[in-house]
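The structure appears below as structure tokens.
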Amino acid sequence: MQGALTHGAMIKKFLFKTAQTLMMQPLYRQMRGLTIGTRTMVLRPSGEVMLIRHTYAPGWLFPGGGVERGEAIYEAAMREVAEESGIVAGEEPQLHGMYLNDEQFPGDHVACFVLRKFSEREFKGNLEIAEARFFAPDALPEGTTRGTRRRIAEVLNGTAITRSW
């Protein structure tokens, strides 16, 4: 009986998370004046950068997502990286900067982190993430978002930091 309750609770959690992602988050973004999320640039020693591609939106970008209630922003960054790419942080990521993401979502702010020490696990994708791969900075895939390209240039080339994502 206990196992059935646990299984049922897991199903409810999965259904809630799916509804939250597909319906509640877009509605919340429209109603709330300010949101905060993370994006983390995961860099191999060779300089390759991890990018993900969602199942529900075009483009390649850094792994990341919203900060949950009661969650520190650093914890959110590490959680999102693990969920979306299989990367397990070996250190606390470094905060690169805070950016206004008004172009995509009015009132949204993005904390961009850089993670250089980590371990890699096999990642096959899921309902949210179609693909997660490392790319050389000079061979980014077509569709890499402008904000992602700007952050790569800032971190790797010393390009001046802008405050808009």
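Any read-out appearing in this document is the output of simple, stated calculations on the displayed coordinates, not a laboratory observation. The structure displayed is predicted, hence computed values, not measured ones. Counting neighbours? That spans all protein chains shown, and the Cβs are built from the backbone with ideal geometry, glycine included.
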*Would you order Leu115, Leu34 from fewest to most other beta-carbon atoms within 10 Å of each residue's own beta-carbon?*
Leu34, Leu115
*For the range 78-165, what number results from the quotient of the Cα radius of gyration and 2.2 N^0.38 Å?*
1.15
